[in-house]
Amino acid sequence: MRYLLIIFIFFSCNSPKVKTVEKYSNGNPLVTFNYPNGSDKSVFTIEVFYKNGKINRTLSVKSGRFVDEIVEYSESGEVTQIDSLKAPCDTVTRACDAIRTTFYDDGKIAERFNMQNGKYNGISQHYDHNGILVKEYYLGNNIKNGPYREYDITGKLDFFGTYKNDTLVGYCYFFNPAGDTTKYYFNEDGKFTFPYKKWLNDGRTLLGNYTSAEKKAVLWTWYKNGIKLKSKIVISNNGSFVAPE
């Protein structure tokens, strides 16, 4: 009988345990700690719930640090986001290094980000509902910095630009499926400016540029096979111009 009691106590101490840390006003749990080995409090899973009792988020803890994955769910039960941790991270600051993946309602990947110290750092990729990469760019401390690319449905480069401090700057290029440039223009402080050039469908090209440093007028010139066809000057009172294509 003594040995049976010892065995019972042993298994009781080591059986899984659930501790409710916080509750909603309706009595449903808001946060629970789930200990797979009841006597070992260093390894457990945190579960966060919606008010209706559906799971909202799961986090794994080992020796006081988040490990493995942080998973978020919609109220209907679909996985909406997974942070795949690159290394254990602090549970207080939550400044984790991870790959963050978000999902559409049908479970297909929508976005993928690189996280460093809890912020977006590195390349980010965005996909359509068919799983095709449609754009990618670089982030530094949650701010766009560096090359920015958009792709067509075949995966070919469709647009290329450059961001600086979350603002599109410099030349922006548009491409056709063959990889040829169809148009480019210049950005200054995030605003469209000149020079501007477009390859027209009939073999002509259109080039626009300011006529002076005051930027009050633009000279539009049409070319074909390198030969100038015509040109005209357009004056603007409000600083905006429309390409006469």
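Just so you know, all these numbers are worked out from the coordinates, no wet-lab data involved. Predicted model, so just to flag it, every value in this text is computed and none were measured. Methodologically, a virtual Cβ is constructed for each residue, glycine included, from the backbone with ideal geometry; neighbour enumeration extends over all protein chains shown.
Dipole orientation for the chain: of the candidates ALA213, VAL242, ASN114, ALA213 has the Cα lying most toward the positive pole (charges on Cβ; Lys, Arg +1; Asp, Glu -1).
For LYS135, the aspartates and glutamates whose Cα falls under 13 Å of its own Cα, not counting residues fewer than eight places away in the same chain, are GLU111, GLU150, ASP152, ASP158. Charges were assigned to the Cβ only: +1 to each Lys and Arg, -1 to each Asp and Glu. The resulting dipole of the range 16-131 about its Cα centre is roughly 480 debye.
What the Cα convex hull of the range 84-150 gives, in volume per residue, is 86 Å³. At 20 °C and 1.002 mPa s, grab the translational diffusion coefficient of the chain from Stokes-Einstein with a Kirkwood Rh over Cα pairs, rounded to a whole number in µm² per second. Using the Kirkwood radius from Cα pairs, D works out to 93 µm²/s.
Per-residue ellipticity at 222 nm computed for the chain from its helices equals -1500 deg cm²/dmol, with DSSP H segments shorter than 4 residues left out and the rest contributing -39,500 (n - 2.57). Partner aspartates and glutamates whose Cα lies under 12 Å from the Cα of LYS197, excluding those fewer than 8 positions away in the same chain, are identified as GLU245.
Taking 21 Å as the limit for the C-alpha separation, the pairs LYS198/LYS228; LYS17/LYS62; LYS191/LYS228; LYS198/LYS224 exceed it in the case of LYS191/LYS228. Dividing the radius of gyration of the alpha carbons in the range 16-131 by their Kirkwood radius gives 1.01 for Rg/Rh. Using only alpha-carbon positions in the range 137-235, the gyration tensor eigenvalues give semi-axes of 28, 20, 7 Å once each is multiplied by 5 and square-rooted (largest first). Counting only residues at least eight positions apart within a chain, or on another chain, the lysines with an alpha carbon under 16 Å from that of LYS23 are LYS51, LYS54. An ellipsoid equivalent to the range 83-211, defined through the eigenvalues of its Cα gyration tensor, has semi-axes of 35, 19, 8 Å when rounded to whole angstrom and sorted largest first.
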